[in-house]
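The values are calculated or read from the model by the stated rules, or taken from the named source; none is laboratory data. Nothing here was measured: the structure is a model prediction, and the numbers come from that model. As a convention, Cβ positions derive from the backbone with ideal geometry for all residues, glycine included, and neighbour counts pool all protein chains shown. The accessibility values were calculated without ligands, DNA or RNA, using every heavy atom of the protein model including side chains. Shrake-Rupley method; radii C 1.70, N 1.55, O 1.52, S 1.80 Å.
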Amino acid sequence: MSPDRQWLEASLEGVPAAQAQCVRAFRLLMVQGALLRGLLDRELAPSGVTAQQGAMLSWIDAQPEPPTISAVAAGMAMTHQNVKQIASALARKGFLEIVVDAADRRARRLVPAARHRRFWKRRNADDFAAVQTWLSVWTDEEVSAVVELLRRLHRHLQVQARTADGPAAGRGRGRRTSNPREPFK
């Protein structure tokens, strides 16, 4: 058995089949996410921007108004401190401005700078082609299915994160429902 296979199967002996498959899926999602982030980091390295910085800029740019640091932290499932550190680095690089909120002087809003839009306008076509190459193992139909499955997982995990006694809160006590599309309530 290969080391990857050993890791995938570790501690699953005697675990019910459906639960074991969930653990395998979780492990694979974690590793593939890290792998894809590493690939994008290498692609972006010459520009001095990281995959995490790019993701944050993209999220900020998609908002109807400049979000607060707290809103970015909540939206991207990051700590306030991590968002602040990344935002500071992006501000130093000229990609965004950190401005005081007019309504709440304690809050800071993150405003994309013109450099941000110019930068991605030049990069997007090549970066999107690289992503397509990385995922070329799947057919177009499989990509669509994966996108839908990941969207559903994302919505579910967002609900779990807001539920004090849900599995995302670290307690694993979510009540199972009979609806497999909404497995926890």
If the chain between VAL23 and ALA91 were fully stretched, how many nm would it gain, using 0.36 nm times the residue separation less the Cα-Cα distance?
20.6 nm
In the list (1) 32; (2) 15; (3) 36, the entry giving percent of Cα pairs over 31 Å apart computed from the coordinates is (1)
Find, among the trypsin sites (Lys or Arg not before Pro) in region 34-113, those assigned to loop by DSSP (not H, G, I, E, B) with at most 11 other beta-carbon atoms within 10 angstrom.
ARG105, ARG106
Round to the nearest 0.05 the FRET efficiency obtained for ALA10 and ALA129 when R0 = 35 Å and r is the Cβ-Cβ distance.
0.45
Report, largest value first, the span of the C-alpha coordinates of region 10-66 along each principal axis, in whole Å.
48, 31, 10
Heavy-atom accessible area of GLU141, protein chains in place, probe 1.4 angstrom, given in Å² to nearest 10, is 130 Å²
The chain - accessible surface per residue (Å², probe 1.4 Å):
70 Å²
For region 1-89, run through the GluC sites (Glu not before Pro) and keep only the ones in DSSP coil with at most 14 other Cβ atoms within 10 Å of their Cβ.
GLU13
To the nearest 500 deg cm²/dmol, what mean residue ellipticity at 222 nm is calculated for the chain from DSSP H runs of n ≥ 4 alone, each contributing -39,500 (n - 2.57), summed and divided by the residues?
-20000 deg cm²/dmol
List the residue ranges in the chain for DSSP H helices whose C-alpha atoms run 20 angstrom or more along the long axis and whose Kyte-Doolittle average is 0.5 or above.
17-44
Provide the solvent-accessible area of MET1, counting protein heavy atoms only and rolling a 1.4 Å probe, rounded to the nearest 10 Å².
150 Å²
Along its three principal axes, how long is region 48-150 when you only count alpha carbons? Whole Å, largest extent first please.
50, 29, 22
For a label point 7 angstrom out from the Cα of THR79 toward its Cβ, which stretches of region 3-31 have the backbone nitrogen within less than 17 Å?
none
At 7 Å along the Cα-to-beta-carbon direction for both HIS154 and ALA45, put a label point, then send me their distance in nm to one decimal.
2.8 nm
Leaving out ligands, DNA and RNA, and with a 1.4 Å probe, what % of the accessible surface on the chain is carbon or sulfur?
56 percent
